[in-house]
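Okay, structure first, notes after.
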Amino acid sequence: MQSAAESPVRSTGHRSDSAGVLLRTLLRQGPSPRSTLARLSGLSPASVTGHSASLIMRGLVTELPEAVARTGMGRPHMPLGLNTRGALVGGVHIAVEETTVALLDLRGTIVAEQTVPHPGTDPSAILRTAADALTDLMAAHTPGVRPLGVGVATGGWVDRDSGIVVEHPMLGWHDVAAARLLAGLLDGLDVHLDSHIRALVRAEQLFGRLDTRHSVLALFVGNVVDAAYAVGEHAIRGPRSGAGDVAHWHVAGSDWACVCGQTGCLQATLSERRLVADALGTGVIRDPSFDELVAVAEAGNTAAREMFRERAAIAGRALGPLVDFLNPDTVLIVEPGVARFDEASAALRTALDECSAVVRGRRPSVVVSSFMHSPLAVAAGTVALDVLYSDPLAVQPGKKAA
Ligand SMILES: [Zn+2]
């Protein structure tokens with residue numbers, strides 16, 4: 001697989017698309033003179049000059065005088081760079097039991113992050129807690145800096161275009177206008193919503209290891225289980241962004257009760273809650289904490305390791321038919337056991353081999369998310385960063401960050 005840095009960024013000719021191409025070229029290439037950016041992006045020198053001015057005016061790009069290299073008698077080549085100090089986005093990830101709020105710079109790097117427990121399951125109360133936590137985080141870490149936007153990510157059925165969480169059965173949410181509600185609590189900031197697994201695919205393309213020319217099948221395994229499939233930069237969404245629902249696929253031999261009323265669903269079988277309940281019941285952990293289960297497994301506890309191995313094997317078996325149907329270049333996994341433990345990683349690959357006809361002949365590369373240190377914060381921030389990199393001219397000059 002080629003690195004993202006080798007992938008060219010090409011414009012379709014629209015003004016804001018060209019500005020997005022310039023910004024994404026700068027992200028991939030790092031600080032560069034305008035002439036280099038024109039060559040790499042395929043934009044004309046005049047277009048690069050014009051868009052550079054627009055992006056500088058919006059606080060997204062800065063000129064880097066300290067890196068001036070004089071060439072002979074002419075005007076110095078003053079490189080451009082992303083404004084990674086003054087330009088920020090906010091992120092809000094809503095999980096089943098807690099909310100993660102974060103601030104990220106234009107490279108997708110987390111500047112600050114905080115987790116707050118949910119005050120129940122009422123959407124208004126959860127979103128108010130999230131807004132308060134994000135406001136406090138901004139005041140503590142970046143006082144005086146107005147974020148360029150806020151991304152909200154969660155699991156379940158999430159409609160990006162309307163900003164609505166259509167179904168999140170584990171939270172009991174139905175048709176919650178999360179983006180609009182949160183914007184109302186955040187002083188009119190632009191708020192965008194998307195599924196956390198689609199956001200993590202995009203994060204991998206913008207800031208991680210995926211090449212946008214390739215297709216990717218992604219699986220998120222946490223308390224919820226969600227999938228995504230993207231061809232190039234475009235995630236397959238379907239009507240109201242309903243694609244990617246694998247939560248209620250049946251797992252042979254499982255009889256764990258699911259919130260949908262059935263038993264043996266993939267999500268119920270793999271969820272953190274189920275693993276924690278299991279581990280408490282068998283004395284592997286003492287407190288009802290998934291973090292403790294991971295820590296115990298990292299310390300070498302055989303029973304805990306076995307739980308993660310089995311979880312990975314079930315995930316691999318579920319992925320098999322999807323790999324057959326879609327034949328992706330890459331399978332992206334967001335699951336802590338596969339990221340940490342060799343036997344879990346091997347179990348996933350073996351199960352994929354056994355349950356897919358295609359894998360034997362055309363094996364996709366299986367990669368673990370680059371953001372396992374903080375996948376939820378990165379997912380949330382990337383929802384806003386994706387909008388910014390797609391259409392940077394939508395940022396109003398008066399709303400520049402610093
Ligand atoms: Zn179910």
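Just a few scattered comments:
- Residue match in region 140-151 (condition: surrounded by fewer than 20 Cβ atoms within 10 Å (Cβ to Cβ) and part of a strand (DSSP E or B)): no
- Count of region 245-264 residues which are within 13 Å of residue 226 (Cβ to Cβ) and either assigned to a strand (DSSP E or B) or over 23 Å from the mean Cα position of the chain (by Cα) (or both): 1
- Residues in region 1-28 that are of a type outside the set (Lys, Arg) and modelled with pLDDT of 95 or more were compared, and the one that is farthest from residue 208 (Cα to Cα) is 19.
- For region 200-218, a tally of residues being closer than 26 Å to residue 289 by Cα and either out of contact with any helix residue (DSSP H, G or I) (no Cβ under 6 Å at 6 or more places or on another chain) or in a helix (DSSP H, G or I) (or both) returns 1.
- Checklist (1) over 13 Å from the mean Cα position of the chain (by Cα); (2) at pLDDT 95 or above applied to residue 213, failing item: (2)
- Looking at 84, 71, just one residue is in a loop (DSSP other than H, G, I, E, B), over 23 Å from the mean Cα position of the chain (by Cα) and modelled with pLDDT under 95, and that residue is 71.
- Condition check for residue 98: at pLDDT 95 or above and surrounded by fewer than 20 Cβ atoms within 10 Å (Cβ to Cβ): yes
- Test: residue in region 252-275 that is among the acidic types (Asp, Glu), touching a Lys or Arg at 6+ places or on another chain (Cβ under 7 Å) and surrounded by fewer than 21 Cβ atoms within 10 Å (Cβ to Cβ): no
- Among the residues of region 225-278, those identified as among the β-branched types (Val, Ile, Thr), touching a helix residue (DSSP H, G or I) at 6+ places or on another chain (Cβ under 7 Å) and within 11 Å of the ligand (Cβ to nearest atom) are 225, 246, 251, 269.
- Considering residues of region 117-137 that are assigned to a helix (DSSP H, G or I) and over 21 Å from the mean Cα position of the chain (by Cα) only, the residue nearest to residue 394 (Cα to Cα): 135
- Only one of the numbered conditions (1) under 28 Å from residue 82 (Cα atoms); (2) free of Cβ contacts under 8 Å to residues at least 40 places away in the same chain; (3) outside any helix (DSSP H, G or I) is violated by residue 167, and that is (1).
- Among the criteria (1) surrounded by fewer than 24 Cβ atoms within 10 Å (Cβ to Cβ); (2) out of contact with any Ser or Thr (no Cβ under 6 Å at 6 or more places or on another chain), the one residue 219 does not fulfil is (1).
- Filter pass, residue 284 being more than 28 Å from the chain's Cα centre (by Cα), more than 16 Å from the ligand (Cβ to nearest atom), in contact (Cβ under 8 Å) with a residue 12 or more places away in the chain and buried (at least 16 other Cβ atoms within 10 Å of the Cβ): yes
The values are calculated or read from the model by the stated rules, or taken from the named source; none is laboratory data. No experiment lies behind these values; they were computed from the predicted model shown. Cβ coordinates were reconstructed from backbone atoms using ideal geometry, including for glycine residues, and neighbour counts include every protein chain displayed.
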